[in-house]
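A.B. asks: Once you've had a glance at the structure underneath, I'll fire off some questions.
Every number in this text was worked out from the coordinates using simple rules, so none of it is lab data. It should be emphasised that the depicted structure is a prediction, and the values quoted were computed from it without experimental measurement. Methodologically, a virtual Cβ is constructed for each residue, glycine included, from the backbone with ideal geometry; neighbour enumeration extends over all protein chains shown.
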Amino acid sequence: MKEVILKHPMIEHKISILRNEKTSTKEFRELISEIASILCLEALKDAKLEEITVKTPITLTKGYRINEDNYAFVPILRAGMGMVDGVLRLMPTAKIGHIGLYRNEKTLEPVEYYCKLPNNIEEKTVILLDPMLATGGSAVNAISKLKDRGVKKIKFLSIISAPAGIKKIQETYPDVEIYTAYLDKELNEFGYIVPGLGDAGDRIYGTK
């Protein structure tokens, strides 16, 4: 199973603040960004390094670089945009695409309204971003769009996931790697993660 759940005291600490309904929009947004950076760091453990020569103030030495052009970040709109600043701190020149989906509140199925991806996306490792992995419907839909464009390596990053969402990705696209900061226990009858943290998009943008 290509699934990584972060286990760290700082993650427990930050997730508890995110859950609190009294946490301000500003602090919520900052925490989402911070945790996204930590997730991305974990997801890049297998990044390939190229050897380079570096001139220090003392002498020449051997160094290494990651070719950021080999990567693309694709947030699922709109909540996924809250994770972009955090991942760009690690790879500021990586390309960014966007997939716009909203959930039909009756069927709980995703509906696409926008898709714009970088050129040569099929040659890149794509890191898909969405703070909440609930039913897995939006994630699987977004992954299918990337697969249709020929993308071979996809990593999915979420702040909080439900077992149902992880299971759906693994059953549909077992080659996709999943990185999540926290695994919650279940979904309620409306398809929301319990205990969760509410609607991530609304809390990031202060729209409720």
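A.B. asks: Which ³J(HN,Hα) values, rounded to whole Hz and listed in residue order, are derived for region 68-78 from phi using the Karplus coefficients 6.51, -1.76 and 1.60 in 6.51 cos²θ - 1.76 cosθ + 1.60 with θ = phi - 60°, glycine and proline given as x?
C.D. replies: Couplings: 5, 5, 7, 10, 9, 9, 10, x, 8, 5, 9 Hz.
A.B. asks: A follow-up question, please. Restricting to Cα pairs below 8 Å that are 6+ residues apart, what does the relative contact order work out to for region 3-205? Please round to a whole percent.
C.D. replies: Here the relative contact order equals 23 percent.
A.B. asks: As a test of the formula, what do you get for the chain when each DSSP H run with n ≥ 4 contributes -39,500 (n - 2.57) and the sum is divided by the residue count, at 222 nm and rounded to the nearest 500 deg cm²/dmol?
C.D. replies: The helix contribution divided over the chain gives -9000 deg cm²/dmol.
A.B. asks: Would you look at the GNM of the chain, springs on alpha carbons closer than 10 Å, and say which of LEU31, LEU133, LEU157 moves the most?
C.D. replies: Highest fluctuation among the options: LEU31.
A.B. asks: Taking Cα atoms, how many degrees apart are the long axis of helix 9-19 and the longest axis of the chain, rounded to 10 and kept between 0 and 90?
C.D. replies: 40 degrees
A.B. asks: For the chain, take the longest principal axis of its alpha carbons; what is the angle in degrees between that and the long axis of helix 25-43, to the nearest 10 within 0 to 90?
C.D. replies: It is inclined by approximately 50 degrees.
A.B. asks: Let me spell out the model: positive unit charges on the Cβ of Lys and Arg, negative unit charges on the Cβ of Asp and Glu, origin at the Cα centre of the chain. What dipole size does that give, in debye rounded to 20? Please list the in-between numbers first.
C.D. replies: Numbers: 30 positive and 28 negative charges, 70 e Å.
With Lys and Arg at +1 and Asp and Glu at -1, about 340 debye.
A.B. asks: Just name one of LEU197, GLY97, PRO110: the one whose Cα is farthest towards the positive end of the charge dipole of region 3-205 (beta-carbon charges, Lys/Arg +1, Asp/Glu -1).
C.D. replies: Looking along the dipole axis, the top candidate is GLY97.
A.B. asks: Just to compare against my own numbers: the Cα pair-distance distribution for the chain, 10 Å bins, whole % per bin, please.
C.D. replies: 8, 35, 36, 14, 5, 1, 0
A.B. asks: For a quick protection proxy, order the peptides 18-25, 54-61, 33-40 by their average other-Cβ count within 10 Å, most packed first.
C.D. replies: Those peptides, ordered most packed to least, come out 33-40, 18-25, 54-61.
A.B. asks: What lysines could a cross-link reach from LYS26, if we take a straight Cα to Cα line under 24 Å and drop same-chain neighbours fewer than 8 places away?
C.D. replies: LYS14, LYS208
A.B. asks: Let me ask another. Can you compute 3J(HN,Hα) from phi for each residue in region 185-200, using the Karplus curve 6.51 cos²θ - 1.76 cosθ + 1.60 with θ = phi - 60°, rounded to whole Hz and x for Gly and Pro?
C.D. replies: 8, 6, 10, 8, 5, 9, x, 9, 5, 10, x, x, 8, x, 7, 4
A.B. asks: Taking the DSSP beta bridges in region 3-205 as the whole, what percent of them are antiparallel, to the nearest 5?
C.D. replies: Details: 14 of 39 bridges.
Approximately 35 percent, going by the DSSP bridge assignments.
A.B. asks: So how tilted is helix 137-148 from the main axis of the chain? Cα-based, degrees 0 to 90, rounded to 10.
C.D. replies: So the helix axis and the longest Cα principal axis differ by about 40 degrees.
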